[in-house]
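For reference, the structure is listed below as structure tokens.
The values are calculated or read from the model by the stated rules, or taken from the named source; none is laboratory data. Here the structure is a predicted model, which means the values were calculated and not measured. Virtual Cβ from ideal backbone geometry, glycine too; neighbours counted across all protein chains shown.
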Amino acid sequence: MKRARNQADLQFPSHSANEGFARAAAACFAAQLDPTLEELGDIKTAVSEAVTNCIVHAYPDTIGSIALKLRHHDGNVLEIVVRDWGCGIENIEQAREPLFTTGGADRSGMGFTIMESFMDSLRIRSVPGRGTTVTMKKKIAQRAAVR
Amino acid sequence: MELKSIPRGAELEVSFAGELDHHAAKQAMHALDEELEEQLPRNLVLDFGGLQFMDSSGIAVVMRAYRRMQELGGSVCMKNVPDQPGKVLRAAALDRLIPMDGKKAPSGL
């Protein structure tokens with residue numbers, strides 16, 4: 001893909017208080033693509049799911065680092081990359097299944113399903129013991145300028 | 001995240017305000033558990049009117065309340081559900097299990 005029109009890179013520790021920070025930062029960046037309120041809600045939800053996965057699953061017993069990369073590409077496409085250097089996912093197919101979770105009764109198992117249905121695309125790359133990279137894209141429809 | 005509960009006889013209404021994510025879910029579950037144990041209601045009404053955000057952590061909170069109310073032989077419904085939390089709840093088909101904003105959940109689930 002060509003160089004992004006605009007970009008922002010953030011890195012923060014896996015404290016659960018940063019879930020709200022990450023989705024608010026993504027929403028602020030996404031605002032320049034002029035999304036609808038619904039699209040903005042979809043983006044915040046997907047980022048919240050991805051960052052929560054890092055906190056709950058990648059670093060279950062430690063505080064590790066989470067990177068959030070935001071890209072504005074030609075064609076009004078928003079790309080969001082969430083990466084961690086945690087324990088990785090053994091079976092990605094299984095992790096993507098609705099309701100599957102290793103997180104017990106406190107987790108719904110709907111994270112990847114929601115990322116997939118709220119964004120246009122979802123790619124997961126993971127190496128057990130090395131970490132996970134989640135890449136999501138969403139095209140924001142360009143609306144006619146209001147005079 | 002703020003929870004407020006209003007007991008009305010056999011009915012317990014719990015209203016949620018703020019953002020219900022993984023960070024807030026543990027506290028919300030704990031508060032809801034305590035209220036249910038204390039009040040033992042026949043009907044639980046979850047008022048989501050003050051929710052500014054909810055992700056799949058909220059699904060687990062609602063499911064836990066639903067299971068507990070089933071054990072108590074009671075019912076659950078959700079009201080004043082804003083658009084974003086509504087979309088998350090529908091993605092998990094919770095609107096087919098629990099009445100949402102007066103719309104009855106279809107039977108057979």
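Just a few scattered comments:
- Just one of (1) surrounded by 15 or more Cβ atoms within 10 Å (Cβ to Cβ); (2) under 21 Å from B:Gly9 (Cα atoms) fails for B:Gln70. It is (1).
- Condition met for A:Thr113 (among the hydroxyl-bearing types (Ser, Thr, Tyr), in contact (Cβ under 8 Å) with a residue 60 or more places away in the chain, buried (at least 16 other Cβ atoms within 10 Å of the Cβ) and touching a helix residue (DSSP H, G or I) at 6+ places or on another chain (Cβ under 9 Å)): no
- A:Phe29 being surrounded by 13 or more Cβ atoms within 10 Å (Cβ to Cβ), of a type in the set (Phe, Trp, Tyr), over 20 Å from A:His72 (Cα atoms) and more than 10 Å from chain B (Cβ to nearest Cβ): no
- B:Ser75 being at pLDDT 95 or above, small (Gly, Ala, Ser) and within 15 Å of A:Thr113 (Cα to Cα): no
Every residue, every condition in (1) modelled with pLDDT of 95 or more; (2) within 14 Å of chain B (Cβ to nearest Cβ), yes or no:
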| position | (1), (2) |
| --- | --- |
| A:Ile66 | yes, yes |
| A:His72 | yes, no |
| A:Val81 | yes, no |
| A:Gly109 | no, yes |
| A:Ile114 | yes, yes |
| A:Met119 | yes, yes |
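- Elements of type strands (runs of 3 or more DSSP E) contained in region B:7-100, each with 2 or more residues being facing another protein chain (nearest Cβ under 9 Å): B:43-54
- When the criteria are applied in full, A:Thr45 fails the requirement of being of a type in the set (Val, Ile, Thr), touching a residue at least 60 places away in the same chain (Cβ under 8 Å), in contact with a Lys or Arg (Cβ under 8 Å, 6 or more places away or on another chain) and over 23 Å from B:Ala24 (Cα atoms).
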